[in-house]
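Asks: This is the structure I want to talk about, given as structure tokens.
Readers should treat all values here as calculations from the given coordinates under stated rules, not as data from a laboratory. These numbers were taken from a predicted model, which means no experiment stands behind them. So basically every Cβ, Gly included, is an ideal-geometry build from the backbone, and we count neighbours across all protein chains shown.
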Amino acid sequence: MEKILSLLDQANTTLTEQFGELGPLLIIGVLGLFLVLLTLPILLKKQKDPYDQLRAAARNQGTADDDKAKLRRGGGKNGNKLEKYSSFLEPQDEKQYSDTKLKLLQAGYRSKEAVRTYHFLQFALGILFLILGSIYAIYASATGEPTTQSMIMSVLLPGVVGYMLPKYWVTKRQQMRQEEIINGFPDSLDMMLVCVEAGQSLDQSIVRVAKEIKSGYPSLAEEYEQIANEMKAGKDRITVLRDMSERAGVPDVASFVTVLIQSASFGTSVSEALRVFSSEMRDKRILRAEEKANTLPTKMTLATMMLTVPPLLIILIGPSIHGIATTLAAASF
């Protein structure tokens with residue numbers, strides 16, 4: 001027993017000399033983190049279903065067309081690897097799951113495993129950045145004497161940043177995609193109006209518009225293409241339009257869908273509804289441009305003051321200050 005205690009005291013002294021007063025705590029923390037990482041796969045591993053072999057055999061007997069259909073639905077190999085961790089990676093609350101799925105749809109991620117991959121990236125990046133923060137904390141304690149607060153922040157802050165990084169990326173993609181849809185929507189309506197008045201049906205017009213605007217506004221063209229494909233598959237037009245409004249998340253698209261639904265319900269002319277609505281969208285685009293132009297002077301005020309006022313004061317007051325300083329220096333002598 002005395003030998004064990006002496007060994008522990010010797011180890012404690014060595015760690016204190018190498019890493020400072022917090023050396024033993026850091027080593028214990030790193031060991032605990034590695035133990036957690038080692039036990040997570042065991043905890044997350046699900047028991048194999050007895051019917052898994054039968055299902056695997058049935059999947060292996062599928063044709064190439066079935067494989068292509070799975071790829072179109074987003075059922076790739078990466079999703080199957082994460083499927084056994086779905087109970088841990090996917091939110092169990094239905095509302096939270098639907099909100100995350102809708103946000104990913106609006107950001108352009110339509111895969112079946114998008115929610116699972118999103119939460120996996122949050123978990124993986126959080127753990128990775130946490131390990132990097134721990135390594136940095138050990139290095140900082142070995143080269144200097146940091147405070148306890150700085151050590152904790154250097155470990156926890158990278159983990160929080162890694163966890164929030166996928167959320168920031170998805171939010172940024174969602175905003176960029178919605179802005180692209182808002183900018184391209186008036187032009188697409190004008191083109192759709194031309195196609196409808198030329199004698200094409202609404203479905204043919206949507207296909208034509210999706211092909212023409214794909215180079216300039218790929219996100220909006222993708223939405224139109226999905227509408228056309230769902231209509232060709234036999235899905236109800238009203239349901240398809242409402243799904244588009246939900247995926248886009250843009251008020252202009254929601255208003256457009258409402259106009260088309262009312263036009264189909266009351267039997268009014270689609271071309272007339274498109275003409276009126278496209279005119280309103282052009283007016284709204286002009287108003288948005290005027291609003292940005294009106295806010296520009298306010299945004300430039302601070303920069304103008306910082307870059308113009310100091311040089312102006314130097315030019316106006318500088319010679320007077322120089323003259324006064326020269327006079328005072330001559331009077332002192």
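Asks: Going by average Cβ neighbours within 10 Å, how do the peptides 171-184, 293-306 rank, with the highest at the top?
Replies: In descending order of packing, they fall as 171-184, 293-306.
Asks: Moving to a separate point now. Residues of the range 156-185 with amide nitrogen under 20 Å from the 7 Å Cα-to-Cβ point of ARG288?
Replies: 171-185
Asks: Going down the list LYS101/LYS167; LYS101/LYS172; LYS103/LYS235, which pairs span over 18 Å between their C-alpha atoms?
Replies: Beyond 18 Å between Cα atoms: LYS103/LYS235.
Asks: Under a crude label model (7 Å from the Cα following the beta-carbon direction), how far is MET164 from ILE261 in nanometres?
Replies: 3.7
Asks: Follow-up question, since we're still on this one. Between TYR97 and THR13, what length in nm is gained on full extension when 0.36 nm per residue of separation is reduced by their alpha carbon distance?
Replies: So the chain would gain 25.2 nm between TYR97 and THR13.
Asks: Of the trypsin sites (Lys or Arg not before Pro) in the range 228-261, which ones lie in a loop per DSSP and count no more than 14 other C-beta atoms within 10 Å?
Replies: LYS235
Asks: So what's the gap between the Cα centers of the range 262-325 and the range 90-114, to the nearest angstrom?
Replies: 36
Asks: Taking a 32 Å limit on the Cα-Cα distance, which of the listed pairs LYS95/LYS214; LYS112/LYS232; LYS112/LYS299; LYS95/LYS211 fall beyond it?
Replies: Correct reply: LYS95/LYS214; LYS112/LYS299; LYS95/LYS211.
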